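The values are calculated or read from the model by the stated rules, or taken from the named source; none is laboratory data. Quick caveat, the model's predicted, so the values are computed rather than measured. Here the Cβ is made from the backbone with ideal geometry for all residues, glycine too, and neighbour counts use every protein chain on show. Just the protein is used for accessible areas: all its heavy atoms, side chains included, with ligands, DNA and RNA removed. Shrake-Rupley method; radii C 1.70, N 1.55, O 1.52, S 1.80 Å.
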Amino acid sequence: MKVMVTGSRGFIGKNLINYLKTHTDWTVDGWDITDSPDLLFNGYNWIIHLGANSSTVERDVDSIMRTNYDFSCWLYDRCCEKGINLQYASSASVYGMVSDFKEDSPVDPRNPYAWSKYLFERYVKKNPTDKIIVQGFRYFNVYGHHEGHKGGQASPVTQFRRQAESTGVIKLFHDSDKYLRDFICVEDVAWTHIQFLQRVTESGIWNVGTGKPVSFRYVADQIIMVTHANIEYIDMPEVLKGNYQAYTCADTTKLYEAIGPQNWMTVREWIKVNPDVRQFI
């Protein structure tokens, strides 16, 4: 099998390529926006489209729509023409402030990033094809190695760990014990991609999360156990107020129907087996 991964220099893309090369004997290549578009269609069986502007606080709507929506639509149309199966990254941010996280439930995107992801899902739905397999994945809160370049957009697991190592203090928003998120490590995301590539021949959209949310305070506590850092509570920035998801929890029913129940790694387990802060960079 030949697989091309877009967004190969990004957090999930970099991890996915390394994981595929380690756990399969497939030919796996990476593509970035600076590469020629012709390279995308060089005899590949699958394209895994991860390339995107992933900032949830980006307010340049035209820029994020060009990068996330326009390019994705173009890629989808070309895959249909050339008979190349497509997996693409969507996001749990499309759910917004709702509390029902089933794939067929109403969505509530609250920022340009979330809208760009939802609109591409809608484009695929409105332009169906029977020529290729098209699988969309609504990632929940992914964390792991190589996300240091994301700065303030990195996962709390990475941000808290770096704060603990550099200053000895983890900064939490007030009431962080009440903010619960469905955190999933990037290795489990990569494993999910492999399972679908090997076992699932239908098109659709699936949640990719553990279905077991934990609080921001819980994440900080796990890092404190390793680093002995302290906690400082701060106010939430204005740019986040009103749009900040207080709760996410993947409904994994459809996912498990496709690939069976999974033994997801917990945040506590992941931190325990990854004690070196340099791996977060």
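Brief remarks follow.
- Members of the range 63-90 found to be touching a strand residue (DSSP E or B) at 6+ places or on another chain (Cβ under 6 Å), polar (S, T, N, Q) and either open to solvent by less than 20 Å² (accessible area, probe 1.4 Å) or assigned to a helix (DSSP H, G or I) (or both), listed by number: Gln87, Ser90
- Taking the range 148-176 as the range and being under 24 Å from Gly10 (Cα atoms) and either touching a His at 6+ places or on another chain (Cβ under 8 Å) or not in a helix (DSSP H, G or I) (or both) as the test, the residues that pass are Ala154, Ser155.
- Of all the residues in the range 166-191, those that are closer than 21 Å to Lys212 by Cα, in contact (Cβ under 8 Å) with a residue 60 or more places away in the chain and of a type in the set (Gly, Ala, Ser) number 1.
- Test: residue in the range 9-22 that is open to solvent by less than 60 Å² (accessible area, probe 1.4 Å) and more than 17 Å from the chain's Cα centre (by Cα): no
Table: residues versus (1) polar (S, T, N, Q); (2) over 19 Å from Ile194 (Cα atoms); (3) in a strand (DSSP E or B).
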{"site": "Ile12", "(1), (2), (3)": "no, no, no"}
{"site": "Asn18", "(1), (2), (3)": "yes, no, no"}
{"site": "Lys21", "(1), (2), (3)": "no, no, no"}
{"site": "Asp25", "(1), (2), (3)": "no, no, no"}
{"site": "Val28", "(1), (2), (3)": "no, no, yes"}
{"site": "Leu39", "(1), (2), (3)": "no, yes, no"}
{"site": "Gly51", "(1), (2), (3)": "no, no, no"}
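- Count of the range 31-55 residues which are open to solvent by less than 40 Å² (accessible area, probe 1.4 Å), more than 18 Å from Glu81 (Cα to Cα) and of a type outside the set (A, V, I, L, M, F, W, C): 4
So that you can scan it fast, the table gives a plain yes or no per residue for (1) open to solvent by 60 Å² or more (accessible area, probe 1.4 Å); (2) closer than 20 Å to Lys117 by Cβ:
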| site | (1), (2) |
| --- | --- |
| Leu180 | no, no |
| Glu187 | no, no |
| His193 | no, yes |
| Ile223 | no, no |
| Ile234 | no, no |
| Leu240 | no, yes |
| Arg268 | yes, no |
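- Filter pass, Phe160 being among the aromatic types (Phe, Trp, Tyr) and within 16 Å of Asn141 (Cβ to Cβ): yes
- Looking across the range 191-223, not a single residue is of a type in the set (Asp, Glu) and on the phi > 0 side of the Ramachandran plot.
- Hits in the range 242-266 - residues which are closer than 16 Å to Asp188 by Cα and exposed (fewer than 12 other Cβ atoms within 10 Å of the Cβ): Gly260, Pro261, Asn263
- Cβ-Cβ contacts under 6 Å between residues 6 or more apart (or on different chains), taken from a first residue in the range 213-241 that is in a loop (DSSP other than H, G, I, E, B) to a second residue that is crowded, with 18+ Cβ neighbours inside 10 Å, are listed as Pro213/Leu180; Pro213/Arg181; Pro213/Asp182; Pro213/Cys249; Ala229/Ala164; Ala229/Ile170.
- The selection criterion, being under 26 Å from Gln195 (Cβ atoms) and either in contact (Cβ under 8 Å) with a residue 40 or more places away in the chain or among the aromatic types (Phe, Trp, Tyr) (or both), holds for Lys117.
- Residues satisfying the stated conditions in the range 101-114, i.e. within 20 Å of Asn243 (Cα to Cα), without any contact (Cβ under 8 Å) to a residue 40 or more places away in the chain and open to solvent by 20 Å² or more (accessible area, probe 1.4 Å): Pro106, Val107, Asp108
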